[in-house]
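In what follows, a single structure is set out as structure tokens and then discussed.
The values are calculated or read from the model by the stated rules, or taken from the named source; none is laboratory data. Since this is a predicted model, take the numbers as computed values, not measurements. Note that we place each Cβ from the backbone using ideal geometry, even for glycine, and neighbour counts take in every protein chain shown. Just so you know, the surface numbers come from the protein's heavy atoms only, side chains and all, with ligands and any DNA or RNA stripped out. Shrake-Rupley method; radii C 1.70, N 1.55, O 1.52, S 1.80 Å.
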Amino acid sequence: MMIDHQDTDLPLSIRDEAFCQILRLMCGLLREPVLTRAAESLGITTPTASRRLARAREWFGDELFIYSAGRMVPTRRMIELEPVCRRMIENLDELFTSPHPFDPHKAEGVIRIVAVDNAFLTLLSPLIVELEATVPGVKFEIYDRYSNMLESMRDAKIDLAIYSTEGKTVPAGFIEMPLFTSDHVLLV
């Protein structure tokens, strides 16, 4: 179903990106009735909060908050709007909340890592010991060498490689990050 906003009586400015922030400000002023502190809690400046409050007042045709004795006192209309605004904020927040948050204690699977011996000893060994206690259902397969390593990563046969790419070009689509510099040398 497509909603045609042209047929509504909503102000055009309600469709902008500040809509959610204005709702948060309105509810924030109920918790913290000082505009400066409410603005700080939302990470915005007081002038920005003031402009957003002015916009909300236009939308609802009501003062929403009246300044009295150093505080912002909600009007009857704001008190009526409060449960609706809270539900809207909760619904918007729910859009970005995973219905099944990751729980490492319940995770299961195998993580396949290619790592040269130096990286295994200095980075992976301590990490794996710690992870085995935290994530008991996850097992690790560590490889010192792996034929066609990059192609295997692209095909999801390998999850991570800790390997030197010095002097080599990493193909597009791969992300590389320097982890450490080693002064080790090999004498044969």
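Here are some notes:
- Full-stretch length increase - ASP117, ILE89 - with 0.36 nm per residue and alpha-carbon distance subtracted: 5.0 nm
- Note on the range 36-129: along the principal axes its Cα atoms extend 68, 27, 21 Å, ordered by decreasing extent.
- Placing R0 at 30 angstrom, the Cβ-Cβ distance between LYS157 and LEU187 gives a FRET efficiency of 0.35 after rounding to 0.05.
- Loop-located trypsin sites (Lys or Arg not before Pro) in the range 77-142 (DSSP state other than H, G, I, E, B) with a sparse environment of at most 15 neighbouring Cβ atoms within 10 Å: LYS106.
- Working note: Debye formula, equal point scatterers on the alpha-carbon atoms of the range 78-166, no solvent; log10 I(q)/I(0) at q = 0.13, 0.24, 0.26 Å⁻¹ is -0.61, -1.16, -1.23.
- Residues in the range 120-159 that a label on GLU108 would reach, taking backbone N under 20 Å of a point 7 Å out along Cα→Cβ: 131-141
- For the chain, the C-alpha radius of gyration divided by 2.2 N^0.38 Å, with N the number of residues, is 1.71.
- Only alpha carbons enter this Debye calculation for the range 65-106, each as an equal point scatterer, and the log10 of I(q)/I(0) it gives at q = 0.31 Å⁻¹ is -0.97.
- Across the accessible surface of the chain, with the other protein chains kept in place and a 1.4 Å probe, carbon and sulfur atoms take up 57 percent.
- In straight-distance terms, cross-link reach from LYS106 covers every one of the lysines whose alpha-carbon lies under 22 Å from its own, apart from those fewer than eight places away in the same chain; here that gives LYS139.
- Folded to 0 to 90 degrees: helix 76-95 orientation relative to the chain principal axis, Cα: 20
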